[in-house]
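The structure under discussion appears below in the form of structure tokens.
Derivation of every value follows stated rules applied to the coordinates shown; laboratory data play no part. Note that the coordinates shown come from a computational prediction; the quantities given were computed from them, not determined experimentally. Note: ideal-geometry Cβ built from the backbone for every residue, glycine included; neighbour counts use all protein chains shown.
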Amino acid sequence: MQQNEQLENQPDEQLEKQQKERRDFLGCLGGAIACGAATVVASAASSAAVAATAGGAVPPIPNFDWSKHQWAFGVDAERCIGCLRCVEACKRENNVAPDAHHFRTWVERYVTLEGEEKARIDSQADPANIAASGTDGQYRFANRYKDAKVEKAFFVPKLCNHCTHPACVQVCPTGATYKTEDGAVLIDHTYCIGCQYCVQACPYGARFFNEEKGVTDKCTWCYHRITKGLQPACVEVCPVSARIFGDRNDKQSLISQFIQNHRVQVLRPETGNAPNVFYVGIDKDVS
């Protein structure tokens, strides 16, 4: 009562100033409370994501025990003919955007001309290769070397390397990107906030941003297929068996034999990510 009488006896300008200061203070206090609540909610969501995927409760898959498998992928660049059936099959199987800019797997062409030391690289990002397909929805390798003296040429399929020490998992702030017990690196889009930290962290350019859904995406080795005893779509359609997939825990599997019988290598071993995609038939120009 006494405070109200004092306010009434103060000049209008001074009274208005005090009231404004009080409103500003309450506004800041409310903002701090709201921000704190948002932080708690985000933290809880992150903890839930991590708990559900990183060794805690795991998503149940009927008739599948992921603790008994250790998946790996092989690529024989000496066999690949650059037909791109694998790319098309992947898009159909995984509902990847039907354009020439989004891929879970892709194929690059490496061409070394006589007198040149460094290979020329054709990829899905090359406008000439998109034009060669006759449509904006896909790409084909342009016949640009028909009159050139080619010393060496080969195709290199690329995809997510499902690393043993994935940088993408380390930088994900919500636990949306995680590594399974059987070696696959997956994304739970329920928790993905589209920050794209993982896109930047991946040294292989294997991730892309899905503008329509507002989340990141990448190759999953067709996890929905391999957990049912099927092969990834890209492996199934390859006409020359350039792609090999299997369980390393099974010493008689195709991938175990591939690694055992070839001098395999991985991309960018210096990063420390320890990829689980093993290559044969590539050289120093491939990274």
Right, residue 110: surrounded by 15 or more Cβ atoms within 10 Å (Cβ to Cβ), out of contact with any Phe, Trp or Tyr (no Cβ under 7 Å at 6 or more places or on another chain) and hydroxyl-bearing (Ser, Thr, Tyr) or not?
no
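Listed here are the residues, each with its yes/no results for (1) closer than 15 Å to residue 160 by Cα; (2) in contact with a Pro (Cβ under 6 Å, 6 or more places away or on another chain); (3) of a type in the set (A, V, I, L, M).
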site: 190; (1), (2), (3): no, no, no
site: 194; (1), (2), (3): no, no, no
site: 204; (1), (2), (3): yes, no, no
site: 209; (1), (2), (3): yes, no, no
site: 228; (1), (2), (3): no, no, no
site: 231; (1), (2), (3): no, no, no
site: 235; (1), (2), (3): yes, no, yes
site: 239; (1), (2), (3): no, no, no
site: 244; (1), (2), (3): yes, no, yes
Restricting the first residue to region 129-158 and requiring it to be without any contact (Cβ under 8 Å) to a residue 40 or more places away in the chain, which pairs with a second residue that is in a strand (DSSP E or B) and surrounded by 12 or more Cβ atoms within 10 Å (Cβ to Cβ) meet a Cβ separation below 7 Å and a spacing of at least six or different chains?
129/122; 145/111; 148/113; 149/113; 150/111; 150/113; 151/112; 151/113
Across region 146-163, what is the total count of residues that are of a type outside the set (A, V, I, L, M) and loosely packed, with under 14 Cβ neighbours inside 10 Å?
5
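Restricting attention to region 225-249, report how many residues are of a type outside the set (A, V, I, L, M, F, W, C) and buried (at least 22 other Cβ atoms within 10 Å of the Cβ). Lay out the reasoning, then the answer.
Our first condition is that a residue be of a type outside the set (A, V, I, L, M, F, W, C); within region 225-249, this holds for 225, 227-229, 231-232, 236, 239, 241, 243, 246-249.
Remaining after also requiring buried (at least 22 other Cβ atoms within 10 Å of the Cβ): 232, 243, 246.
Number satisfying all stated conditions: 3.
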Find all pairs meeting these conditions: Cβ atoms under 8 angstrom apart; at least six residues apart or on different chains; first residue within region 98-120 and closer than 20 Å to residue 160 by Cβ; second residue of a type in the set (Lys, Arg) and part of a loop (DSSP other than H, G, I, E, B).
104/218
Taking the criterion of being assigned to a strand (DSSP E or B) and within 15 Å of residue 276 (Cα to Cα), would at least one residue in region 217-237 satisfy it?
no
